[in-house]
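J.: Pasting a structure below so you can have a look.
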Amino acid sequence: ARNVLEVRNLKMYYFTSKGVVRAVDDLTFNLKKGEVLGLAGESGCGKSSLGFTLLGMPTPPGKIVDGSIKIDGREIVGLPEDVLRREIRWQKIAMIFQGAMNALNPVYTVGYQMIEPLLLHTDMSKDEAIDRAQKYLELVGLDPDIVYRYPHELSGGMKQRVVIASALLLEPDVVIADEPTTALDVVVQAQIINLLKKLKKDLGLSMIFITHDLSILAEISDRVAIMYAGKIVEIGDSEKIYYEPAHPYTQKLLASIPRLHEDVDKLEFIPGQPPNLIHPPSGCRFHPRCPYAMDVCREQIPELKEIDKDHYAACWLL
Ligand code: SF4
Ligand code: MG
C-alpha cells in the first residue's frame, strides 16, 4: 500500500522561559493506506505533542523547527495557518483528542456541532450536512436522530462515538486518535476498540493510535512505534514488538503491563523517571535507566537500524 503519511526528521521544540524542551526530536516514520500504527510510551514522552504537530498545530510555545510532514504527498510544514485550516486540517488529517467527549459544547445539539466544519469547509447546504452527519452517526453505531439531542443526554461511550463520527465527516486520509478510550470503563473501551477496528476494515481508515496502554495496542495496531523522551526507539510489526521486543526500553515497558495468564505480582516497574527534555541525557536518552548501559551509550546517540525485516530499533546492543 502507498504511504498516506510520511514524516522525515521531524523536530518540534517548546520554547519556554526555562529553556528549549525537545519534545519531538528527529522522528522519521510512514503510515500506509489502511494501516493502524500504534504509538506508545510513558506519559510525557511526546506522544500527544506529536499528534498536534502532525495537525500542523503544535501547542504553544511549541514550534516545528525542522523536518517534513507529507500527507498524501503534500508537504504541510511551512504552510500558512489559513491554508492549513482551509485545506488540510479535518479534511486531510483529523484528530480525536484525548478527553474530547468531555469537550462537546453543552449548549448546542450534537448535530449543530457536527455540521459546523462541514458548513465551513465544503459548499454543502445545511440539509446535506445533516444527512452526512446522520450517515456517520449510523456508521459508528448510533441512532441518527441523536443529531437533535444535547451532549448531556448521552453516555460517555455515546459521546466518544460522536467525536469519532465528527473526525470522519470530511473523510480525512489520516486519523490520529489520542488515548480515545482512556476515560471510559473497560466494557465501553472494548466497544470503542471494536468500532475503530470495524471502521478500519469498512472505510480503509489509516490511523495513528496513541496510548500508554500496550495491551490495547496489541488489539488494534498493525505496527507499533515505541517513543521514549521525544524519540522513536523501536518500530515494527505489532506481533514482533509484542512478542520479540528488541529495545531494552520496550522490554521494560512490556514487562510493566499485566498480561493474560500472568501473575500481577510478577509485574516489573521501570526504575527512575522519564528524563527532563530541556537537558536530555547524552547519547542514548534511556541510558540512566537502562540495565545494559555501556560507555558508548553515554557518548553517542544510537540511530534507528533495521535489525530484522521491517523491524527497527535504536540501541547500541543491537
Ligand atoms: Fe541501553 Fe545502551 Fe541500548 Fe540505550 S543504547 S537502550 S543505554 S544498551
Ligand atoms: Mg497524552
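Every read-out reported here was derived from the displayed coordinates using simple, explicitly stated rules and does not represent laboratory data. What you see is a predicted model, and the numbers here were worked out from it, not measured in a lab. A quick note on method: Cβ atoms are made from the backbone with ideal geometry, for glycine too, and the neighbour counts reach across all protein chains shown.
J.: Once the cut-off is 14 Å, how many percent of the Cα-Cα pairs in segment 165-214 end up in the long-distance tail? Walk me through the numbers on the way to the answer.
T.: Values: 673 of 1225 pairs.
That fraction is 55 percent.
J.: Show the residues, 5+ positions off or on another chain, whose built amide H is closer than 5 Å to the amide H of Ser256.
T.: Glu268
J.: Compute the helix-to-body angle for 110-121: its Cα long axis versus the longest principal axis of the chain, expressed 0 to 90° and rounded to tens.
T.: 80 degrees
J.: Which of Asn102, Gly56, Tyr112 sits farthest toward the positive end of the charge dipole of the chain, with +1 on the Cβ of Lys and Arg and -1 on the Cβ of Asp and Glu?
T.: Gly56
J.: Taking 7 Å along the Cα-to-C-beta vector as the label spot, tell me the Asn105-Ser17 distance in nanometres, rounded to one decimal.
T.: For Asn105 paired with Ser17, the spin-label model returns 3.3 nm.
J.: Mind putting a number on the dipole of segment 95-205 about its Cα centre? Charges go on the C-beta only, +1 for Lys and Arg and -1 for Asp and Glu, and I need it in Debye to the nearest 20.
T.: For this selection, approximately 300 debye.
J.: A further question on this structure: Amide H to amide H under 5 Å from Asp66: which residues, 5+ apart in sequence or cross-chain, H placed 1.01 Å off N in plane?
T.: Amide H neighbours of Asp66, under 5 Å, 5+ apart: Lys11.
J.: Sticking with this structure for a sec: Give me, ordered by chain and number, the residues 5 or more places off Gly34 or on other chains with an amide H under 5 Å from its own placed amide H.
T.: Close amide H contacts, sequence-distant or interchain: Ser206.
J.: For a Förster distance of 22 Å, can you work out the FRET efficiency between the beta-carbons of Lys33 and Glu75, rounded to the nearest 0.05?
T.: The computed FRET efficiency comes out at 0.75.
J.: A further question on this structure: Can you compute the modelled spin-label distance between Lys63 and Glu128, with each label point 7 Å from Cα toward Cβ, in nm?
T.: Rounded to a tenth, the inter-label distance reads 4.1 nm.
J.: Read phi for every residue in segment 275-286 and hand back ³J(HN,Hα) as whole Hz from Karplus 6.51 cos²θ - 1.76 cosθ + 1.60, θ = phi - 60°, with x for Gly and Pro.
T.: Per residue, the Karplus-derived 3J(HN,Hα) values read x, 5, 8, 7, 10, x, x, 5, x, 6, 5, 8 Hz.
J.: So what J values fall out for segment 99-107 if you push phi through Karplus, 6.51 cos²θ - 1.76 cosθ + 1.60 with θ = phi - 60°, rounded to Hz, Gly and Pro as x?
T.: So the J values, rounded to whole Hz, are x, 4, 5, 8, 9, 4, 6, x, 7.
J.: Hey, another quick one. Magnitude of the Cβ-charge dipole of the chain, K/R +1 and D/E -1, about the Cα centre, nearest 20 debye?
T.: So the magnitude is around 520 debye.
J.: While we're on this one: Can you give the charge dipole size of segment 169-318 about its Cα centre, rounded to the nearest 20 debye, using +1 on the beta carbon of Lys and Arg and -1 on the beta carbon of Asp and Glu?
T.: Using only the charged Cβ atoms, the result is roughly 200 debye.
J.: Counting alpha carbon pairs within less than 8 Å and at least 6 residues apart, what relative contact order, in whole percent, applies to segment 69-156? Let's see the in-between values first.
T.: On the way: 58 pairs, mean separation 24.6, N = 88.
Worked out over segment 69-156, it gives 28 percent.
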